[in-house]
1. Take L136 and F92, extend 7 Å from each Cα along the Cα→Cβ direction, and tell me the distance between the two endpoints in nm.
2. Can you tell me, using C-alpha contacts under 8 Å and at least 6 residues apart, the relative contact order of segment 67-218 as a whole percent?
3. Apply the Karplus parameterisation 6.51 cos²θ - 1.76 cosθ + 1.60, with θ equal to phi minus 60°, to every residue of segment 103-109 and state each ³J(HN,Hα) to the nearest whole Hz, in sequence, with x for glycine and proline.
4. Quick one: which residues, 5+ away or cross-chain, put their amide H under 5 Å from the amide H of Q172? H built at 1.01 Å from N.
5. Taking the Cα centre of segment 67-218 as the origin, how large is its charge dipole in debye, to the nearest 20, when only Lys and Arg (+1) and Asp and Glu (-1) carry charge on their Cβ atoms?
6. Going by how many other Cβ atoms sit within 10 Å of their own, how do Y225, Y132 line up, fewest first?
Amino acid sequence: MLALEVERLKHALASRSGGHVAPDEPRGPGKAAHRVYGGMPQPRQSGHPVVSSVVAMLGAQKGVPGMSKQLFTVLVATAAVTLVAAQSLGSFQHGALTVISPWSFVLIMPTLLGVPPWLIPLLWGALFVGWYPASLWGAAEVPSRTIALWLASAVLSIAHFVTSWGAGVSFQGLLFTVPVLVINVIAFGTCSALLRRALDKPSFGRCLSLHVSLFVWISTYAFPYLGSGVIG
């Protein structure tokens, strides 16, 4: 061991006095640059293979810009639609029928079939995603079925208020029926404006905003509960 250390020391002294240091070889993929020190090649450490793989993956992901952001946006929108449906059912107010919990018939009817009330908002959120799954990949075009849904909801909402207005005034009173009617008109106008914008200048944001507003409107004020209070 002592002789080996002495030999290494001699090499070090020789390199300082008369030895030379070989220039670095060009760096490049597949070649490890090395330095000759005292006649003994010393490998120079390159990047860690795991780090290199991560960098390569990140570089590959740049080929699909905004994909993760769009998916995250759709998930947030789905959560919002689900929470609004839960609020509409009165889930946060012990099931009470109020102006901010109008008991949409779209959500109330499944309870008559034995569906647990806590499950209905989750199913509504799943329907929101399943209605236009292409939005998960950033689709910008408004499908024809969405236009049909908007038109059918408008016609049925008008029919619902016309046929149920008298019962609503008798059982819920004007302090409930008038505000929900006003909010319904505003919500319909908002959906209509968003639909026109999404058709005129298609984009992912406009298309998603239209679907969120449409599903929120249908699950709240398009078909509020107006009647005797038998359901609930």
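1. 2.7
2. On the way: 127 pairs, mean separation 44.4, N = 152.
Dividing the mean separation by the residue count of segment 67-218 yields 29 percent.
3. Result, ordered by residue: 6, 4, 4, 4, 8, 6, 4 Hz.
4. Amide H to amide H, under 5 Å and 5 or more residues apart or across chains, Q172 pairs with G227.
5. Values: 6 positive and 2 negative charges, 60 e Å.
Charge dipole, segment 67-218, about its Cα centre: 280 debye, nearest 20.
6. Numbers: Y225 24, Y132 19.
Taking fewest neighbouring Cβ atoms as first place, the list is Y132, Y225.
Throughout, read-outs are computed from the coordinates displayed, never taken from laboratory work. Source: prediction; values computed, not measured. A quick note on method: Cβ atoms are made from the backbone with ideal geometry, for glycine too, and the neighbour counts reach across all protein chains shown.
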